[in-house]
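These notes concern the structure reproduced below.
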Amino acid sequence: MADPFWLTWWIWIAAAISLAILEVFLPGFIFLGFAVGGAATGILLLISGMTPTLPVLLLIFAALSLIVWLVLRRMFAMPHGQVKTFDHDINE
């Protein structure tokens, strides 16, 4: 019997690429975190050859995505309490 589709490593990589493309159209580092989490999950499945259950695999994906999102937020966010303001119009 064939493995379930969620255990196929290249499906996770394809989903990661799709999420990365979606991040280009809807920026905000949300989909980028999911994309990196999906790619890491796919690479983990490829390298380890493990066959976890779906809940365990989704937990791994969620944990990796959350870690990446928190790192991206820390790297690119404005310092606490600051707001980005513009003092000129880009059309002038």
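Positive end of the dipole of the chain (Cβ unit charges, origin at the Cα centre): among 49, 35, 68, the Cα lying farthest that way belongs to 49. Pick from 20, 40, 63 the residue whose mean-square fluctuation is largest in a GNM of the chain, springs joining Cα atoms under 10 Å. Checking each option, the largest mean-square fluctuation is seen for 63. Labels on offer are (i) 70; (ii) 65; (iii) 61, and the one holding percent of Cα pairs over 14 Å apart computed from this structure is (i). For the chain, modelled as a GNM with alpha-carbon contacts under 10 angstrom, which of 59, 22, 45 fluctuates the most? Result: 59 has the largest fluctuation of those listed. On the basis of the beta-carbon distance and an R0 of 30 Å, residue 25 and residue 74 show a calculated FRET efficiency of 0.80. For the range 15-92, trypsin sites (Lys or Arg not before Pro) meeting the loop criterion (DSSP other than H, G, I, E, B) and having at most 14 other Cβ atoms within 10 Å: 84. Legend: ranking of residues 53, 8, 85, 41 from fewest to most surrounding C-beta atoms inside 10 Å; resulting order 85, 53, 8, 41.
Every read-out reported here was derived from the displayed coordinates using simple, explicitly stated rules and does not represent laboratory data. None of the values given here were measured: they were computed from a predicted structure. Neighbour counts are summed over all protein chains in view; Cβ atoms, including those assigned to glycine, are modelled from backbone coordinates with ideal geometry.
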